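Visitor: My structure is below; once you've seen it, I'll send some questions.
The values are calculated or read from the model by the stated rules, or taken from the named source; none is laboratory data. Predicted, not measured: the structure shown is a model, and the values here were computed from it. So basically every Cβ, Gly included, is an ideal-geometry build from the backbone, and we count neighbours across all protein chains shown. What goes into the accessible areas is simple: the full protein's heavy atoms, side chains included, and nothing from ligands, DNA or RNA. Shrake-Rupley method; radii C 1.70, N 1.55, O 1.52, S 1.80 Å.
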Amino acid sequence: DAPPSPPPQRPPTDFFPFNDQLQFETADLLFRRTQMSGGHIDLLCKIWECMMPSNTSSPFPDHKTMYRTIDAIEVGNIPWQSFNITYQGPRPSNHVPPWMKAEYDVWFRDPREILKQMLARPDLQEHIDLTPYRDYDDSDMRHYENLLSGDWAWDQADQISEDPDNHGATFIPFVLGSDKTTVSVATGHTEYYPLYISLGNVHNNTRRAHQDALALAGFLSVPKTNKTYNADPQFRHFRRQLYHCSLATIFDVFKAGMTKYEVVRFGDGYHRRVIWGIGPYIADYPEQVLLAGVVQGWCPRCLAYPENLDADDTLLRCREHNDALVEDFHPVMLWDSYGIIANVVPFTNDFPRADIHELLAPDILHQLIKGTFKDHLVEWVGKYLADVHGKTEAKKIMDDIDRRIAVAAPFPGLRRFPEGRDFKQWTGDDSKALMKVYLPALEGRVPDDVVKAFRAFLEFCYLVRRNALTDKDLVDIQDALDRFHHYRTFFTEAGTITSISLPRQHSMTHYRWLIQQFGSPNGLCSSITESKHIEAVKEPWRRSSRFNALGQMLVTNQRLDKLKACRRNF
C-alpha cells in the first residue's frame, strides 16, 4: 500500500529536443495542425528571417531541420517493423500466376508497446476501468455501458482466476479493428488496409472522443492479381490465409502474457500485474465473414441458413463446434450445410480464451445506418412506389417527399437538406441526419405498414445508440425488433423484394445478447475506425508524393504520434 514513486520532474523550461516552447508550438502547428508542405515551411522560414530583427531568428531555418527535431523526440517512439509473406504451395509447371511469385509486405508497430504507452498516460487514468464489474441502480436494474460492464469481461476474469498465480492481476483486453479504405478517388485503385488497436478498459466516450485511445497498429497487405486469376479459388484461399497469418504474427507478442502476468506501469504511477486478452473486433460484414472463415451470405455469429437467417432458436457458432465439424465432414458439405470454409483457420485459434465468433462487435454504422436504413428501407420505398404508381408518378411522389425533407424547420440537432434526400454520395453522417426527418416525410405518401416499419426500426436504432442501457431497455429493444420484423413483411407481400433474409438486418437479432456481453454498442462501432482513417491514412496519403506513398505515410504517422505524446508529456 505504499504510494507510487513520483514521476521524474523536468524544469518548466525543458522542451527537449526543442530549444523552447516557441519552437515546439511552431512545429506542432505547421506539421500536425495545418499540415503545411515542406516547400511552404521553407517559404515561411525565409519570410520570418527577412522580417525579424537582426538579433533574433526564426524557430527553424527550414523544414528539414524541423523534421529532424521532431524525429529526435523520444516519447511516443514505437518504430515500424515489417515482414513479408510469400506463397509456399504447389505451383503449375507452366505459366505460374504472378500472385504466386509476389512478396507481400506487412508493416506494423509493436502492439504491446502501444498499449503499454496508453496505460502509462496520466490523462487516461480517470477513464479506465481496472476490474470487470456489474452495475445495478437502487431499483436493482442492471446497467450496461463500457466493455468491462458486460458479461464477457466478467467471464474472462473467471477463466483467468482459475490459475492461482494470476490472482490480483488486472485484465487488459484490447479492441481491434480493420477495414480496407480507398484513398485515390479519381481511379479507385489505391487501397490501404489499416489495422487499429485500443484498450478495452477505456470508457466508450473516451474511445469515441478522439483522445488517442485508438491507435494505428499496422498496414495489412492488399494482394491483387490480374482478371485472369482474380476468381481463382487458390488465389482466394491464399488471400484469406495471408490475412489471418498476418494478424497472428502481429499479435503473437501478447501470447505469453495472456496466461502469465507481466508487470506494467500505469499512469497513476502504480505498477500492476496485467493479463492481456483479445477483445471485440470492429468490422463490417465482408470483414466479419473473412475473420470468421464463413461463406458470404451466412451469419458469422450463428448457424442460421441464408434462406431464413431470422429463424428462432438458432445455435451460436463456436470454435469447438467448428473444429469438430471440420474434422468429421467433407469441405463441400461444410460449405453447403454450415457455411464454413474448411481451409480457413481464424487467427484467434492461436490464442487462449479467444473465439472469433464470440468477439465480432456490433456495427451500428454498417449494419443499421448504412445497411438497413439507407441500402434497404429507403431503396425499398423507391422501388415500391415505382411498382405501384409507375416510374413517372413515383418520381413525383419522391419529389414531394424530398420537398417535405427540405422544409423541415430549423432546430438544434437537425440538419437541413435543401435538395431533399437526392444526393449521390451518402456518408454515415448524411444517413444519421436523414433518419431524424425521414419518417414524417413519408407519412401519407406510403401505406401505414411502411411507416410503422420505419418507426420500429428507428426506435431500435436510437435505443442501441444510447451511452448506457438497462435491462428494461433490452426489453424495449426486443419489442421494437419484433415490430420491425412484423411490418417489414409488407415489402415481400407487395412484391417489392423477394427476400428479407439479409445478413445486415439479421445482425439486429444479436444486439440484445451483444449488449449483455460487451456493453453499449456505440463504443465498438466502425464509425470510430472510419474517422481514424482520415488522420491515419487519407491525410498522410495526400501529404505524400504519391510514389511509394506507404513509406512516407508511416513516417508521417510516427511524427504525428511523437508530437501528440510530446504535448501530453510537456
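Visitor: Within region 551-570, count every residue that is farther than 20 Å from Phe15 by Cβ and among the polar types (S, T, N, Q). Can you show your working first?
Guide: Filtering region 551-570 for residues farther than 20 Å from Phe15 by Cβ gives 551-557.
From what is left, the residues that are among the polar types (S, T, N, Q) are 552, 556-557.
Qualifying residue count, region 551-570: 3.
Visitor: Could I ask something else about it? Does Gly257 satisfy being open to solvent by less than 40 Å² (accessible area, probe 1.4 Å), of a type outside the set (A, V, I, L, M, F, W, C) and assigned to a helix (DSSP H, G or I)? Talk me through it step by step, then tell me what you get.
Guide: Details: open to solvent by less than 40 Å² (accessible area, probe 1.4 Å): yes; of a type outside the set (A, V, I, L, M, F, W, C): yes; assigned to a helix (DSSP H, G or I): yes.
Answer is yes for this residue.
Visitor: Filter region 516-548 for residues that are over 21 Å from Ala213 (Cβ atoms), in contact with a helix residue (DSSP H, G or I) (Cβ under 7 Å, 6 or more places away or on another chain) and either of a type in the set (Phe, Trp, Tyr) or in contact (Cβ under 8 Å) with a residue 60 or more places away in the chain (or both) and give the result. Outline the logic, then answer.
Guide: Residues of region 516-548 that are over 21 Å from Ala213 (Cβ atoms), as a first pass: 516, 541-548.
Filter again for in contact with a helix residue (DSSP H, G or I) (Cβ under 7 Å, 6 or more places away or on another chain), leaving 516, 541, 543-545.
Passing the criteria: Gln516, Trp541, Arg543.
Visitor: Between a first residue in region 492-515 that is in contact (Cβ under 8 Å) with a residue 40 or more places away in the chain and a second residue that is in a loop (DSSP other than H, G, I, E, B) and open to solvent by less than 30 Å² (accessible area, probe 1.4 Å), which pairs have beta carbons less than 6 Å apart while being 6 or more apart in sequence or on different chains?
Guide: Correct list of pairs: Ser501/Leu309; His506/Cys299; His506/Leu309; His510/Arg301; Tyr511/Pro362; Leu514/Pro362.
Visitor: Do we have any residue at all in region 147-162 that's at pLDDT 95 or above, loosely packed, with under 13 Cβ neighbours inside 10 Å, out of contact with any Phe, Trp or Tyr (no Cβ under 6 Å at 6 or more places or on another chain) and in the same structural domain as Ala256 (by the TED database)? Let's see the steps before the verdict.
Guide: First pass over region 147-162, keeping only residues at pLDDT 95 or above: 147-162.
Of the ones still in play, those that are also loosely packed, with under 13 Cβ neighbours inside 10 Å are 158, 162.
Subset that is out of contact with any Phe, Trp or Tyr (no Cβ under 6 Å at 6 or more places or on another chain): 158, 162.
Next cut, in the same structural domain as Ala256 (by the TED database) only: 158, 162.
Scanning region 147-162 turns up at least one residue that is at pLDDT 95 or above, loosely packed, with under 13 Cβ neighbours inside 10 Å, out of contact with any Phe, Trp or Tyr (no Cβ under 6 Å at 6 or more places or on another chain) and in the same structural domain as Ala256 (by the TED database).
Visitor: While we're looking at this one, here's another question. Please work out which one of (1) in a loop (DSSP other than H, G, I, E, B); (2) under 19 Å from Asn522 (Cβ atoms) is the condition Arg415 fails and give its number.
Guide: (2)
Visitor: Report yes if Asp387 is within 20 Å of Thr492 (Cβ to Cβ) and in a helix (DSSP H, G or I), otherwise no.
Guide: Numbers: within 20 Å of Thr492 (Cβ to Cβ): yes; in a helix (DSSP H, G or I): yes.
Judged against the criteria, Asp387 is a match.
Visitor: Of the conditions (1) open to solvent by 40 Å² or more (accessible area, probe 1.4 Å); (2) not assigned by the TED database to the domain that holds Leu30, Met52 satisfies every one except a single condition; which number is it?
Guide: With (1) open to solvent by 40 Å² or more (accessible area, probe 1.4 Å); (2) not assigned by the TED database to the domain that holds Leu30 applied to Met52, the lone miss is (2).
Visitor: Does region 102-136 hold any residues that are charged (D, E, K, R) and touching a residue at least 24 places away in the same chain (Cβ under 8 Å), and which are they? Can you show your working first?
Guide: Restricting attention to region 102-136, the residues satisfying the condition of being charged (D, E, K, R) are 103, 105, 109-110, 112-113, 116, 121, 123, 126, 129, 134-135.
Selection gives Asp105, Arg109, Asp110, Arg112, Glu113, Lys116, Arg121, Asp123, Asp129.
Visitor: For region 330-368, which positions are in a loop (DSSP other than H, G, I, E, B) and either closer than 30 Å to Phe460 by Cβ or open to solvent by 50 Å² or more (accessible area, probe 1.4 Å) (or both)?
Guide: His330, Gly339, Asn343, Val345, Pro346, Ala354, Asp355, Ala361, Pro362, Asp363
Visitor: Any chance you could count how many residues in region 70-101 are farther than 19 Å from Phe251 by Cα, surrounded by fewer than 11 Cβ atoms within 10 Å (Cβ to Cβ) and in contact (Cβ under 8 Å) with a residue 24 or more places away in the chain?
Guide: Adding up the residues that qualify gives 1.
Visitor: Applying the selection to region 230-254, what residues are part of a helix (DSSP H, G or I) and open to solvent by 70 Å² or more (accessible area, probe 1.4 Å)?
Guide: Within region 230-254, Pro233, Gln234, Arg236, Arg239, Gln241, Asp252 qualify.
Visitor: Identify all residues within region 214-229 that are assigned to a strand (DSSP E or B) and farther than 18 Å from Thr182 by Cβ; write none if there are none. Write out each step before concluding.
Guide: Taking region 214-229 as the starting set, the residues that turn out to be assigned to a strand (DSSP E or B) are 214-220.
Listed by number, the residues that qualify are Leu214, Ala215, Ala217, Gly218.
Visitor: Does Arg465 satisfy the criteria of being touching a Ser or Thr at 6+ places or on another chain (Cβ under 9 Å) and in the same structural domain as Ala386 (by the TED database)?
Guide: Working: touching a Ser or Thr at 6+ places or on another chain (Cβ under 9 Å): yes; in the same structural domain as Ala386 (by the TED database): yes.
So Arg465 fits the description; yes.
Visitor: I would also like to ask the following. Of all the residues that make up region 549-563, how many are in contact (Cβ under 8 Å) with a residue 60 or more places away in the chain, open to solvent by 20 Å² or more (accessible area, probe 1.4 Å) and not hydrophobic (A, V, I, L, M, F, W, C)?
Guide: Residues flagged as in contact (Cβ under 8 Å) with a residue 60 or more places away in the chain, open to solvent by 20 Å² or more (accessible area, probe 1.4 Å) and not hydrophobic (A, V, I, L, M, F, W, C) within region 549-563 amount to 3.
Visitor: Here's another thing I want to ask about it. So which helices (runs of 4 or more DSSP H) stay within region 429-519 end to end and still have 3 or more residues that are open to solvent by less than 20 Å² (accessible area, probe 1.4 Å) and among the hydrophobic types (A, V, I, L, M, F, W, C)? Explain how you work it out, then say what you get.
Guide: Working: elements: 448-464, 471-488, 490-493, 503-506, 511-518.
Here the list reads 448-464, 471-488, 511-518.
Residues checked against (1) in the same structural domain as Ile500 (by the TED database); (2) in contact (Cβ under 8 Å) with a residue 40 or more places away in the chain:
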position: Asp323; (1), (2): no, no
position: Val326; (1), (2): no, no
position: Ile369; (1), (2): no, yes
position: His389; (1), (2): yes, no
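Visitor: Restricting attention to region 301-329, report how many residues are assigned to a helix (DSSP H, G or I) and out of contact with any strand residue (DSSP E or B) (no Cβ under 9 Å at 6 or more places or on another chain). Lay out the reasoning, then the answer.
Guide: The first filter runs over region 301-329 and keeps only residues assigned to a helix (DSSP H, G or I), leaving 306-308, 319-328.
Right, trim to out of contact with any strand residue (DSSP E or B) (no Cβ under 9 Å at 6 or more places or on another chain) and you get 306-308, 319-321, 323-324, 327-328.
Qualifying residue count for the region: 10.
Visitor: With (1) free of Cβ contacts under 8 Å to residues at least 40 places away in the same chain; (2) touching a helix residue (DSSP H, G or I) at 6+ places or on another chain (Cβ under 9 Å); (3) closer than 25 Å to Leu216 by Cα as the list, and Asp62 as the residue in question, which single condition is left unmet?
Guide: Looking at each condition in turn, Asp62 falls short on (3).
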